Amino acid sequence: MRIGTKALIIMTSLALLTGCWDQRQFKNVKLVLAAGFDTGNDGLIRNTVVIPTVEKGLEGPGQEFIQVITSEASSTRDGKKNVDHRISRSFDASKARVFLLGEEIARHDIFPILDVLYRDPKNNLNANLAVVMGTAEEALRLRVDQEPRISGYINGILDSQMMNTEAPSENLQLICAELLEEGEDFALPALEVDQDAGLINYVGMALFGGQKYSGVTLNTDDSLLLLLLDDKLKRSATINRKLADNEEEPLKNYVSIEVGGVKRKMDIQADDPDDIKVTITMKLKAKIVEKTLPVILNEKEVAKLENKYSEILTNEMQSVIQKTQEANSDYLGIGRRVHAFNHPTWEKVSWTDIYPDITFNIDTKVNLSGHGVIN
């Protein structure tokens, strides 16, 4: 093929290219990396957004400034419009990493707040979602030493707690099904602002019933146990419990274990709508990672520790399930299983009415497979 013919083909092909008609250039937008929602005046939504802006330096890297803007509106979309009226370029939340809900607004139906985030395909559905015990605005306006961006700081807290099996691995996309379908509820990480220390604390899991925060928050110990019951062990899970009552030297009462494996078996008997029973058998494979209890870890003593830990965790897991029933939050998705495998029963009942009264039986066995290099 001659050079002239090749050039003609190339020029013709270039003429047919349409280009990037839907491109969005960062220079034309203000990227929001974190946003929060609180209850405003007269039933309005109070929107708070965090916008980083980098000013170019004459030499070397530019300097970053953080804008925190709050507005009140009748909807999330109107709140975005109100923010647009107050910034130099258009508001863009497509790169948002975290969304926060204030405690008060979370007690109401949260789907109308999140609706716009699901409808716009440009939004980041992998963004983390959490509840703040207090207001989201308070958390987003906090300035933390050595943390240039509040969005990165909060995300770091949430990600680390998820890996430690103390926070649920939820994001905007994952909770959508639980928001819209009956038979399984969800929980969101709960945060608390410590103004005196200038820090944000992770305090546990905020249990939701349907589309509303139930008002019940599990502490970090209970959160870990609920996640184990849901067979959601991540990298590891560390549990520290008091196994003796040495009053003279209280530090010598504890043994810490690290759970490295979980086998869960769940049996649901739902043929009788008035007598639904759920039996959960847990087998935890763990190792001793700290022991202040003054015993030599021979085979006999290890067996005693296994029995003691099994008894303690059985009772605690039973108590955690009771708390989900008090909150009317079916976090384990028992209702979905009844819907799938006992549909005649499902058709006869209102799940939100009967979930608090169904019977749970928990049986936990701990197997201590290691104790480090010393006995």
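The values are calculated or read from the model by the stated rules, or taken from the named source; none is laboratory data. A quick note: this is a predicted structure, and the numbers were derived from the prediction, not measured. Cβ coordinates were reconstructed from backbone atoms using ideal geometry, including for glycine residues, and neighbour counts include every protein chain displayed. The accessibility values were calculated without ligands, DNA or RNA, using every heavy atom of the protein model including side chains. Shrake-Rupley method; radii C 1.70, N 1.55, O 1.52, S 1.80 Å.
Just the residues that are under 18 Å from residue 77 (Cβ atoms) and in contact with a strand residue (DSSP E or B) (Cβ under 9 Å, 6 or more places away or on another chain), please, taken from the range 113-128. Residues satisfying the conditions are 113, 114, 117, 122, 127. Considering every residue within the range 149-164, establish whether at least one is part of a loop (DSSP other than H, G, I, E, B), in contact (Cβ under 8 Å) with a residue 24 or more places away in the chain, touching a His at 6+ places or on another chain (Cβ under 7 Å) and not acidic (Asp, Glu). No, the range 149-164 contains no residue that is part of a loop (DSSP other than H, G, I, E, B), in contact (Cβ under 8 Å) with a residue 24 or more places away in the chain, touching a His at 6+ places or on another chain (Cβ under 7 Å) and not acidic (Asp, Glu). Considering the conditions (1) modelled with pLDDT of 95 or more; (2) part of a strand (DSSP E or B); (3) within 13 Å of residue 367 (Cβ to Cβ), residue 313 is excluded by exactly one of them, (2).
Quick grid of which residues meet (1) among the aliphatic types (A, V, I, L, M); (2) touching a Pro at 6+ places or on another chain (Cβ under 6 Å); (3) more than 22 Å from residue 331 (Cβ to Cβ):
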position: 107; (1), (2), (3): no, no, no
position: 149; (1), (2), (3): no, no, yes
position: 156; (1), (2), (3): no, no, yes
position: 159; (1), (2), (3): no, no, no
position: 162; (1), (2), (3): yes, no, no
position: 181; (1), (2), (3): no, no, no
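Just one of the listed residues (296, 312) is β-branched (Val, Ile, Thr) and open to solvent by 80 Å² or more (accessible area, probe 1.4 Å), namely 296. Taken together, 185, 222 contain a single residue that is open to solvent by less than 30 Å² (accessible area, probe 1.4 Å), in a loop (DSSP other than H, G, I, E, B) and closer than 30 Å to residue 134 by Cβ, which is 185. Residue-level check: of (1) touching a strand residue (DSSP E or B) at 6+ places or on another chain (Cβ under 9 Å); (2) open to solvent by 60 Å² or more (accessible area, probe 1.4 Å), residue 320 misses just (2). For the range 35-49, a residue qualifies if it is surrounded by 22 or more Cβ atoms within 10 Å (Cβ to Cβ) and either in contact with a helix residue (DSSP H, G or I) (Cβ under 7 Å, 6 or more places away or on another chain) or modelled with pLDDT under 70 (or both), and the qualifying residues are 36, 37, 38, 47, 48, 49. Inside the range 78-94, residues that are open to solvent by 50 Å² or more (accessible area, probe 1.4 Å) and either of a type in the set (A, V, I, L, M, F, W, C) or over 18 Å from residue 45 (Cβ atoms) (or both) make up a count of 3. Condition check for residue 293 on (1) in a helix (DSSP H, G or I); (2) of a type in the set (A, V, I, L, M); (3) in contact with a helix residue (DSSP H, G or I) (Cβ under 9 Å, 6 or more places away or on another chain); (4) under 18 Å from residue 240 (Cα atoms): one failure, at (1). In summary, strands (runs of 3 or more DSSP E) completely within the range 78-148 and bearing 1 or more residues that are modelled with pLDDT of 85 or more occur at 98-102, 128-132. Out of the residues in the range 339-375 that are over 30 Å from residue 274 (Cα atoms) and open to solvent by less than 70 Å² (accessible area, probe 1.4 Å), which is modelled with the lowest pLDDT? Checking each candidate, the answer is 372. Taking the range 250-271 as the range and being in contact (Cβ under 8 Å) with a residue 40 or more places away in the chain, open to solvent by 70 Å² or more (accessible area, probe 1.4 Å) and either under 30 Å from residue 346 (Cα atoms) or part of a strand (DSSP E or B) (or both) as the test, only 271 passes.
Among the residues of the range 188-198, are any open to solvent by less than 10 Å² (accessible area, probe 1.4 Å) and in a loop (DSSP other than H, G, I, E, B)? No, the range 188-198 contains no residue that is open to solvent by less than 10 Å² (accessible area, probe 1.4 Å) and in a loop (DSSP other than H, G, I, E, B).
For the range 225-249, enumerate the residues that are over 23 Å from residue 365 (Cβ atoms) and either among the hydrophobic types (A, V, I, L, M, F, W, C) or open to solvent by less than 70 Å² (accessible area, probe 1.4 Å) (or both). Within the range 225-249, just 246 meets the criteria. Please count how many residues of the range 273-301 are free of Cβ contacts under 8 Å to residues at least 60 places away in the same chain and of a type outside the set (Ser, Thr, Tyr). Number satisfying all stated conditions: 8. Would you be able to tell me the number of residues in the range 204-226 that are touching a Phe, Trp or Tyr at 6+ places or on another chain (Cβ under 8 Å) and aromatic (Phe, Trp, Tyr)? The total comes to 1. Which number in (1) touching a Phe, Trp or Tyr at 6+ places or on another chain (Cβ under 8 Å); (2) within 22 Å of residue 188 (Cα to Cα); (3) not basic (Lys, Arg) marks the one condition that residue 339 misses? With (1) touching a Phe, Trp or Tyr at 6+ places or on another chain (Cβ under 8 Å); (2) within 22 Å of residue 188 (Cα to Cα); (3) not basic (Lys, Arg) applied to residue 339, the lone miss is (2). The single residue among 142, 129, 114, 100 that is of a type in the set (A, V, I, L, M) and open to solvent by 10 Å² or more (accessible area, probe 1.4 Å) turns out to be 142.
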